[in-house]
Structure formats: C-alpha cells, structure tokens
1. Give me the three principal axis extents of segment 126-199 from the C-alpha atoms, as integers in angstrom, largest value leading.
2. List the residues of segment 274-313 whose backbone N lies under 20 Å from a point placed 7 Å from the Cα of PHE161 along the Cα-to-Cβ direction.
3. Between VAL312, GLY295, THR241, whose Cα lies farthest towards the positive end of the dipole of segment 233-326 when Lys and Arg beta carbons carry +1 and Asp and Glu beta carbons carry -1, centred on the Cα centre?
4. Based on the mean of other Cβ atoms within 10 Å per residue, sort peptides 389-400, 60-71, 243-254 so the most packed one is first.
5. Using the crude model of +1 on Lys and Arg Cβ and -1 on Asp and Glu Cβ, and no other charge, please compute the dipole size for segment 233-326 relative to its Cα centre, in debye to 20.
6. Assuming R0 = 25 Å, what is the FRET efficiency of TRP267 and ALA132, from their Cβ-Cβ distance, to the nearest 0.05?
7. About the Cα centre, and with charges only on the beta carbon of Lys, Arg (+1) and Asp, Glu (-1), how big is the dipole of segment 49-185? Nearest 20 debye, please.
8. Any chance you could run the full-extension gain for ARG274 through ALA153? It's 0.36 nm times the residue separation minus the Cα-Cα distance, nm to one decimal.
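Derivation of every value follows stated rules applied to the coordinates shown; laboratory data play no part. Since the structure is predicted, the reported quantities are computational estimates derived from the model, not experimental observations. Counting neighbours? That spans all protein chains shown, and the Cβs are built from the backbone with ideal geometry, glycine included.
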Amino acid sequence: MNHDARAEAPPVLDPPVGCADRPADAPAGLAHVATASFIGARVVPTGGFIVALAGGIALARAGQRLGLRAAYGASIAAMAQAVAVMGPLRIGIPLTQSLSAPLLGRMHARGASLAAQFAACAAIRLLDQIAAILFYIWIVVGGLRTYAATYDALIGRIPGFPEGVTGALVLTAAGLAAWTVFASTVQVLVYRRALLAWPATEETATVRAAASSPAACAREGGEAALRVPRYDPRAVTAAATVAFVALLASTDPIALSAVTGWLAVAWLTANADREPVRAGLALAAMLAAGALLFGLVGGAGVELTLRRVARVTLLVLVATWLRASAGEEGLREVFRRMLKRIRRVPATQEASVVLERLGATGALAASARTLAHTVRHAPRRPTPLALAVLSWIATEAARLAPPKRALQAQLRMRAPDALLVALAAVAAASVVAAF
C-alpha cells in the first residue's frame, strides 16, 4: 500500500485494556448511532442537516441489510431515544432523514436507480417540510394573513416580486422546492457512497475499538444515574399532551392564563431535571422573537401579537417541562410501553425491542468522544474525513452492549399523578369556556 492510500484510511486503534470486543447487534447498534447523530443535529445551532447525515447512513444501512420493518423499527427507536434524552424540542431537524433513510437503504439493496431514490427522498422531504412550514405559519406567525402582510412589508415591494398571499406562497414554495432538490440530492448521493464503501468492521465476529481512553468502555456501563421523578412519567406525558393541545386550540387570555398557572404549579412540584431548561429557554426566546416580528410587522396588533408570543413560549416551556419532569429513563419507558400497546402497527414491535437495548446519555457521550478522536486523527480533506465518519458509524454500531434497566418496575400511578392530569384537564377546559 502506498503512502497516499494509507493517508486515506481512517484510524482504527487497539481497544483499551479491559475493554472486551463486542459482537455486532445490527438493529440496536445502528439505532444507537442514529440517536447520537440526531441529538447532535438538534444541538448545533446551524448545519443540523449535515450532522444528521451520519444517522441517516446508519438507518439506510439497516434498510439495506435488515429490511423495511426492522429498519423503520430502528428509526422509531432512535427518534424515541432522542426525545427521551433531549425532549421533543427541534425534533423536526432529523425527522426527514429518519423517515426516508430506511426506504432509501432498501431501494439501494434492490438496485433502484438514483432517479427513483431521489424521487422517493424528495417526496418524503417535501411533505415533511410542507407540514413544518404550515405549523410555523399558523401557530408561530398566527395565520396566512399575517404571514403575507409581513412578506409585503419586507419583500413584496421589491420590483419584480409578486405581492400579497400569492407572492408569499410562491416565494415560500420556491424556497421549499430548492431546498428539497438540494437536500435530497445530497442525501441520496451520500447514502449511496456510504453503502458502497461500508467497511468490513461490522461483518467480523469481533470489533476493534477506535477509542483513546478507558471512557470508551462506558458503552456497557455508561448509564446516567437514575433520578426517580416525583410524578409518574405516564402522568407527566398525559398532562403535557393535554396542555399542548389546549395551547394549539386557542390564544384566548383565559386559556393562556389557565395553562400558565398549571405549568407554574407543575414546575414547582416536580423533581425536575435542570439540564433541558437552558436549551428550552433559548428556543422559546427565538420563537417568541419570530412571533413578535411577524405580528408587529404584519400589522396583527399589539394585543394579539403578545397573545401569540405567549402561546409559542408556553408550547416550548411545556415541552421542556415534559423532558425535565419525566426524566430520560421515564420517557423511554413511556415510549416502550406505548410501542408494545400498538405492536400490531408495522415496525412498532421491532422498535420496542430495539429501544430496550439502547444505552442512555453515558453511552451516547462515549460514542461522541470516539467520533471526536476519529475525526481528529483523520487528514483534513473531504474523502478521509468521510471515511473516518463511516468507520465510526460501523464501529459504534457493532460495539453497543445492551444496558440494564432499573425503572420498569418502579412506575405506578398515585393520587398526585391523577391530580396533575386533572389540573391540566381543567386548564384545557378553559378553552371551551373561552368560546
């Protein structure tokens, strides 16, 4: 092998002393990689699409080797795990790849053309983006009229641009179409290149770990310390869902005040985790600023604009409270039980099995450190970096060891849990009273 060829290969080091080789566990291992990638995509302020490509590659690999049911089971489990770790905030960033990657991997295995893969990817991405923009227009902005008025004030007066609702929709559609074409092309080409160049690591009976310290062994024992929530996670999920629906239904001051009061009581009485709070406040501030800008520029009026700002802020705070109060293990257990209840739905039974085998924050953090080490030692050129990331995906997928769960037997509904849900229902009932 010449010097140039050696420079292209990603580094693969011997495992640290005391860290045993692991057999491949394809569905859970690939879902673990997808989770780490999807969480990273939600954390970074920009470039989430690029970061999520690694998770998409892992799910495409699952589709290629395991079939659609198993691959979508891994995808559902990865998304559920990502929500358990971070909550539901910014979950839309990796959502498109979680929906399309298993299908693209299966199409690749069956020899589908690039054009067919692009069409499938573009269709899924376009539908997802349309749903996202409609949610933003009606919930954050406050409706199509305000959206169009803001467009007229900022862009519609430029010569050559159409005005009014038609102009706003045309420009939005053009932007969605351009992004769909670009992102789908990148997705299909990157997945195809990765699947064709997949390293032999996963195929071997044992895996050599690409790690620089004994922390890499935390994949087996890297579970976060169990924090027993004050409320049953099922009650927390139900109450948050009720409050969320109430906020989506109305911006009436009575409803907003009722949900605010319930949320204040819920925060004060819950043994909440503080870790998600900072990210939740940052996202709430960003969306509130957007609602304020659209409302004032679009001429919605100060009073209505402030109500919309309050609603979007409360939506984010309720989602943050859900993760903080239920806890990572609590949300995971809720998702696991939900998937078991609907096991007749395709891929949900597979998702439940995979979710039980995924590690928590410790395992994800160890994988992130391994990626940082792998990339740091790769040459700073596109091809070597891509090969290094691909090597990390295959290695981490094969290294995952199923963790031990401690919360499953501890969930039980009590009087405070019922009261929490009842208070949320009372707050939601104020929406009906507002009409």
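1. Projected onto its principal axes, the Cα set of segment 126-199 covers 53, 29, 15 Å.
2. 290-300
3. So the residue we want is THR241.
4. Working: 389-400: 25.7, 60-71: 23.5, 243-254: 18.4.
For the peptides 389-400, 60-71, 243-254, the packing ranking is 389-400, 60-71, 243-254.
5. On the way: 7 positive and 4 negative charges, 24 e Å.
Using only the charged Cβ atoms, the result is roughly 120 debye.
6. With R0 = 25 Å, the Cβ-Cβ based efficiency is 0.35.
7. Numbers: 9 positive and 3 negative charges, 105 e Å.
Value, rounded to 20: 500 debye.
8. Working: separation 121, 0.36 × 121 = 43.56 nm, distance 4.05 nm.
Full extension of this stretch gives 39.5 nm more.
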